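Okay, structure first, notes after.
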Amino acid sequence: MLEIKNLSKRFGDQQVLDHINLKIEKGKVFVIIGPSGTGKSTLLRCINALERPEKGTIQLENQIFDYENLSKSDIQALRTNTSMVFQNSNLYRNKTAFGNVTTPLILVKKLQKSEAEKVGLEYLEKVGMLEKKDAYPETLSGGEKQRVGIARALAVNPDIILFDEPTSALDPELVSEVLDVIKELARQHTTMLIVTHEMKFARNVADEVIFMEGGHIVEQAPPEELFGNPKEERTRQFLNRNRE
Amino acid sequence: MSYLTETFIPYAKILTPLLLEGLGITVYISAFAFVLSVVLGAILAVVQYFHVKVLSQLARIYVSYFRGTPLLIQLFLFYYGLPMVFEIMQRCPKTFALVLCLALNSAAYISESIRGAIESIDKGQYESSLAFGLSHYQMMTKIILPQAAVAAIPPIVNSCLDIIKMSSLGMTIGIQDIMGEAQLTAATYYKTFETYILAAAFYWVLALVLGRVQKKVEQKVGSAYRK
């Protein structure tokens, strides 16, 4: 379970996130849609403290953190209990696919090497990348990199996985292999918060869809409702512009 | 043909053993200067990269001075100039003076190469390290520096080449390296052309060997970054 209260973040004099409130129950898939530059990615990055909001609290399971005075160990707790799949995968370039998955397990989770390797293989298999476990990121396609990125995020066994536009940087023909993996995770009730521009996918995979604009959550509803019968005019306009 | 058999080859037979002696000195001086400059360069780079107070400003002045003035002046200042002011410096051996000046000079360039290599690493590498809870130390030693080291190899090998070639300035303070031996022999036999052609060949071969080594090293450590 993740609950955010009153989260605000500004860059200079621009208010990027304005009093965001959000509650994600365990096992649910939340999808955030909305125009570019409305703070969707920033919200994800605030959750694992890659960005520091000025205000707000976040609760992860039973732990509550206050962004106004985050200690070093708070930041570490946020980062080890959440994990992130980046738009550009950001796989460690000096590590193989396998090394990418096991590195956080060994360095951060302090697993024994043999134990980490067992977990690593398990999750690479889960995303269909077992055959390429010894390949370096440079030799992988965009879709393959994302699948390894997902395996890396799963392997640390987080309370929630944050997806920052996981398919935006991909060639169109590679999008589906990544979305298929995420859909499978949704079926297994992995708690996820996904920022995406893929409307059909959002509709298909989400338990709840959030429409964000200008640093606000404009509307939040189950997908049938938000896509079928949006309450807010701005949501309707956005969906009309992005009809697939 | 007769020039080759009657003049060049007999002279080369006299000169080559002398140049080989000089080669030993050149390699010895360059190797010491190179190792010293890499260590010093790495320290300068890290100090600047992490903006260590005072030290990073000093490092910047250091780099600016050693990149901005001729090595020959640095050498003369150290070997001829300082002993005029500090008596103890009169006992400084010339080999030591040359090694130190080469290292100090080259470290300025190498620190810039290392700093550039660290800065060339994509921001995403830092983010994915931090996002998964790696400490700053783990991030630098396990993710960033291993990548930066590979990126820094070509410019550092260049610096090594420069050290070998610049070591020939040792002649001006009387060091008997390749260049020193060549100059002395040329003056004795009045054979400037033959002497310096052969001396150039010696340096060139050294450079070729170094190029080979660079390729081998790059192949070994760079395998992760090839498609």
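The values are calculated or read from the model by the stated rules, or taken from the named source; none is laboratory data. Remember, it's a predicted structure, so these values are computed and weren't measured experimentally. So basically every Cβ, Gly included, is an ideal-geometry build from the backbone, and we count neighbours across all protein chains shown.
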Looking for whichever is within 14 Å of another protein chain (Cβ to nearest Cβ) and hydroxyl-bearing (S, T, Y) here; the options are B:T95, B:T141. Which one fits? B:T141
Counting just the residues of the range B:116-134 that are closer than 16 Å to B:Y49 by Cα and hydroxyl-bearing (S, T, Y), which one comes out nearest to the other protein chains (Cβ to nearest Cβ)? B:Y126
Considering each residue of the range A:25-56, count those that are assigned to a strand (DSSP E or B) and buried (at least 20 other Cβ atoms within 10 Å of the Cβ), and give that number. 6
Find the helices (runs of 4 or more DSSP H) located wholly in the range B:9-103 whose residues include 1 or more that are among the aromatic types (F, W, Y) and at pLDDT 95 or above, and list them. B:9-49, B:55-68, B:71-76
Which fully enclosed helices (runs of 4 or more DSSP H) of the range A:57-165 have 3 or more residues being within 13 Å of chain B (Cβ to nearest Cβ)? A:72-81, A:97-107, A:142-155
Condition met for B:Y109 (of a type in the set (F, W, Y), at pLDDT 95 or above and within 21 Å of B:P154 (Cα to Cα)): yes
For the range B:132-221, list the helices (runs of 4 or more DSSP H) that sit wholly inside it and hold at least 2 residues that are buried (at least 18 other Cβ atoms within 10 Å of the Cβ) and among the basic types (K, R); which are they? none
Give the residue that is nearest to B:I43 (Cα to Cα), with candidates limited to residues of the range B:61-112 that are surrounded by fewer than 14 Cβ atoms within 10 Å (Cβ to Cβ) and of a type in the set (A, V, I, L, M). B:I61
